[in-house]
Amino acid sequence: LVYKVAARDMFGDYLPMKNSIPLALVALGSYGREQLCVHSDIDLMIVYKDVPGYNLKEMIEKMLYILWDTGLKLGHRVHTVDDLYGVSQTDITIKTALIESRMIEGSTFIWTETQNAITQIRHDNIEEFIRLKLEEQEIKHRKYPLTMEPNLKEGVGGFRDANLVFWIGKILFNVDNIKNLPSDIVSEKEYRAFRIALEFLFRVRSAIHLVAKKKEDKLRLDLIPYISRLLGYEDGKKGQMRFAKKVTESLKTIRLYSIIWLDKLTHEYKKEDAGKNYIYPRENTQDLNDILIQFREHAHKSFYAHPTLLQQLTSINKPERLDETLYITIRTLFYQEHCCSIFKALSYAKLLRYTIPPIKKVVDLPQFDGYHKYAVDIHSLQCLYHLEHIKDDFIQMLWDALESDEKAMLKIVVFLHDAGKGRKSDHHFVGASLFKVFANKLHIDDALIKIGETLILYHTLMSKVAQREDIYNETVLLSFASHFKTKKLLDMIYILTYADMKGVGKGTYTSFNARLIKTLYTQSLDILDQKTMLDETEKRIKKETTLKRNSEFQNLSKIQQKKILKIPSNLLFLRYDTKRILAVTKKAFETETYEFAINNKKYLTIEIIRKDNFNLSYLLSKLSRLDVVHMDICKLFDGLKYFKIDFSETVSAEEIDFIEEMIHNAFKPSQSITPQIPHILSDEITIDCEHSKTYALMHLDCKDQKGLLEYIIYLFDQMGIDIATAKIHTLKNRVKDMFLIERNGNFCHNVDTIIDKLTGNK
């Protein structure tokens, strides 16, 4: 239409036939390939012959002005027919555009001459054209890898990969469509899968343009909800996951077949890259197991499966499911120094979900967590690569110290650590279960399977603790180390954490967080010999896990839940069930000064929660006629402490009122006592100021006697010593008391004085 308007404006009533005007409009680029997207630039070439009397330059200007006035994004070139060959030699991009040109309007004579020039261009220096286009593709693949925000045009498996097959096919065979390439290059079955993937990506790109309202080649995460809905996927995360998964799957299909076809098209014109260490198909290969064995033989160093081998993999004989023979071979693959090369080749051939069944549900699975950059299977391959190419000398030393079986197990763990994603249950637990089943089928040793399960269950713990918590806090360290109570296990989680973070993408594992993680490792290593505390912490963590699943706990506010889980005393968690813990802590949230409860059913029990100062020695002295069997003292939160005192007998109903009055009086500053000094021998007292970084420990193992407990409490109160946890136990006329005291107080500075006062020397 624009051509007709400009021609009528130029010639008026004397408009000649189109073939008489030596000018033609030619489509280039996606316009020439008939693949124009919504907001794509329109690439137009005007070809003419400068014949005197036609004023063609003025007509060309008129056409361009009209096109610009419409607001179209126009990319244009204007050349004489004689200029075309020379122009094509100046730039590989111009040559590429010319060979995919298409006639739109104008003189068929000029178009015929243009085609003749294009034929000359097509045959000119084919080898250099192929070399430059392959180099260009490699650069783009490095710049735009297959991430969860893929570049559909320039990236791996994108339109440029499909275009390259067409361009080289056009140069060599002058075809107008990939489908028309010789059948020994492109089979009908391969082309069908390729075309389905390409058509889907065309739809996706159109949707991106419509949603973004501009030219956009990157599938941005923020656009996915709108694009998936536009393409008919159900609303919500499930539909978005299905959509993103199909995008990745389609890009991989384009990648696979473009690799195979480009090799067939160009093998006569290019030199193989010796640095890639290609593995080629063998004669007499019978089935997939033969190829896996071939891979195993070459996995002493990194390698690439040659495109011809990738094609063989796509059609090789294999059972419907893995059999025992294949499982035996797959087990041996993990013992190879560079097994990542094997699984990368299987991934390219789209056989990863077949050869490694536990990973089948996460192949192409996106991760919309704002952290990971790749789909799960690609992330897993990246992690395995970094495990085999460790850049940290200290971690490499830890890896080298592992036995062969341990290394193989850890490689399986690294590969499967995220295999449980995409399901309703926590992926840590699902992944550990999948690993166990797979490892059993590979006949991995039971002890190693147990280690592997632990590593997958807690594979995110080290990075979280190192980056989010106080790694110099003893409670934090004990909580972390309780999961990895041997140096071997600690070494392995350190190696796994390194590989996992490196596999996320460039810039995730930095020198800063590397120092944090190493500090956590060394700090944890220092407390591995504290077996008792580690065991107690492990038991506490199990109780906390049970507590978190409790509906009553879940109904508390997030702040209240956090306060309960941060209670410094392990005793509360080790001694009581979840129901009792919730009862104590909920009462504590209601306590402003102090609260108490008296139970006199089987024996007298007094429970006190206090914030104000409390004279416990006074209360015990007033009740000294009663024998204390158990007493617990636990620090809670917000300055609150919990006391539970169990006596050996009940009291009369009349005495309850007196006991209540005694408790109230114990909170009055005026009340004081001078207790009797008990008889304690020095060897009956054990004090350990190096018990932990936070707490000192005092054990008392002596004869039970009246006034013993109130004297100890009185002494500590007089010296300003704060008891964090106390466990008082009397059995067969012997007391076995344990006190945890904060090290930053007055206790460790006065050990000799304390012993002297307890033994009656002063």
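Quick notes
- Greater than 22 Å apart at Cα, pairs in LYS706/LYS727; LYS579/LYS736; LYS558/LYS693: LYS579/LYS736; LYS558/LYS693
- The distance from the alpha carbon centre of segment 446-495 to that of segment 7-45 is 68 Å, rounded to a whole number.
- Å² of accessible area per residue within the chain, as computed with a 1.4 Å probe and no ligands counted: 48 Å²
- Candidate values (i) 29.1, 106; (ii) 28.5, 98; (iii) 38.7, 131, label of the one derived for Rg and Dmax of the Cα atoms in Å: (iii)
- Accessible-area rank, largest first, for LYS270, LYS566: LYS566, LYS270, with all protein chains present and a 1.4 angstrom probe.
- Accessible surface of the chain, 1.4 Å probe: 49 percent of it comes from carbon and sulfur atoms.
- Remark on segment 98-180: hydrodynamic radius 14.4 angstrom, per the Kirkwood mean of 1/r across alpha carbon pairs.
- Using heavy atoms of the protein chains and a probe of 1.4 Å, the accessible area assigned to GLU406 is about 30 Å².
- Among beta bridges that DSSP assigns inside segment 1-96, antiparallel share in %, nearest 5: 40 percent
- Simple rule: put +1 on each Lys or Arg Cβ and -1 on each Asp or Glu Cβ in segment 179-334, find the dipole, and look at LEU262, ALA212, GLY236; the Cα lying farthest toward the positive end is ALA212.
- Folded to 0 to 90 degrees: helix 531-548 orientation relative to the chain principal axis, Cα: 70 degrees
- Cross-link partners of LYS73 among lysines, defined as those whose alpha carbon lies under 17 angstrom from its own and excluding same-chain residues fewer than eight positions apart: LYS62, LYS213, LYS214, LYS215.
- Förster radius 56 Å - calculated FRET efficiency between THR593 and ARG220, Cβ distance, rounded to 0.05: 0.45
- A simple charge model with +1 on the Cβ of Lys and Arg, -1 on the Cβ of Asp and Glu and nothing else charged puts the dipole of the chain at about 1460 debye relative to its Cα centre.
- Gain in span if fully extended, TYR85 to ARG331, counting 0.36 nm per residue against the direct Cα distance: 82.7 nm
- Gain upon complete extension [ASN180, GLU135; 0.36 nm per residue less C-alpha separation]: 13.7 nm
- Across the chain, the relative contact order, built from alpha-carbon pairs under 8 Å that are at least six residues apart, equals 6 percent.
- VAL751, VAL247, reordered so the largest accessible area comes first (probe 1.4 Å): VAL751, VAL247
- Where only DSSP H runs of four or more residues are counted, the chain gives -16000 deg cm²/dmol as its mean residue ellipticity at 222 nm, each run worth -39500 (n - 2.57).
- Among TYR594, LEU572, SER621 - extreme Cα towards positive end, dipole of segment 559-622, charges at beta-carbon: LEU572
- Sites matching trypsin sites (Lys or Arg not before Pro) across segment 77-169 that sit in DSSP coil, with at most 14 neighbouring C-beta atoms within 10 Å: none
- Taking max minus min of the alpha-carbon positions on each principal axis, segment 592-722 gives extents of 45, 36, 30 Å, largest first.
- Rounded to the nearest 10 degrees, the angle from helix 487-502 to the longest Cα principal axis of the chain is 30 degrees.
- Pairs beyond 31 Å (Cα-Cα), from LYS350/LYS441; LYS441/LYS562; LYS237/LYS506: LYS441/LYS562
- Listed residues GLN560, LEU525, ALA514: farthest to the positive end of the dipole of segment 480-609 (Cβ charges): ALA514
- Dipole magnitude of segment 69-159 about its Cα centre (Cβ charges: Lys, Arg +1; Asp, Glu -1), debye to nearest 20: 320 debye
- Hits among lysines - C-alpha to C-alpha of LYS270 under 25 Å, sequence gap 8 or more where chains match: LYS95, LYS133, LYS140, LYS143, LYS153, LYS170, LYS179, LYS252, LYS301, LYS344
- Loop-located GluC sites (Glu not before Pro) in segment 1-104 (DSSP state other than H, G, I, E, B) with a sparse environment of at most 15 neighbouring Cβ atoms within 10 Å: GLU34.
- Ignoring lysines fewer than eight residues from LYS539 along the same chain, the ones with Cα atoms less than 16 angstrom from its Cα are LYS485, LYS531, LYS548, LYS566.
- DSSP beta bridges confined to the chain are antiparallel in about 85 percent of cases.
- The dipole here belongs to segment 335-480: it is taken about the Cα centre, uses +1 on the Cβ of Lys and Arg and -1 on the Cβ of Asp and Glu, and is about 920 debye.
- Dimensionless Rg/Rh of segment 131-234 - Kirkwood Rh, Rg from C-alpha atoms: 1.02
- For segment 554-560, the Karplus equation 6.51 cos²θ - 1.76 cosθ + 1.60, evaluated at θ = phi - 60°, returns couplings of 5, 7, 6, 5, 4, 5, 5 Hz by residue, with Gly and Pro reported as x.
- Once the Cα atoms are used to define both axes, helix 653-666 deviates from the longest principal axis of the chain by about 70 degrees.
- When you filter the trypsin sites (Lys or Arg not before Pro) in segment 336-424 for DSSP loop state and at most 14 other Cβ atoms inside 10 Å of their Cβ, you are left with LYS391, ARG423, LYS424.
The values are calculated or read from the model by the stated rules, or taken from the named source; none is laboratory data. The shown structure was predicted, so the numbers you read here are calculated from the model rather than taken from an experiment. Neighbour counts run over all protein chains shown; Cβ positions are idealised from the backbone, glycine included. Just so you know, the surface numbers come from the protein's heavy atoms only, side chains and all, with ligands and any DNA or RNA stripped out. Shrake-Rupley method; radii C 1.70, N 1.55, O 1.52, S 1.80 Å.
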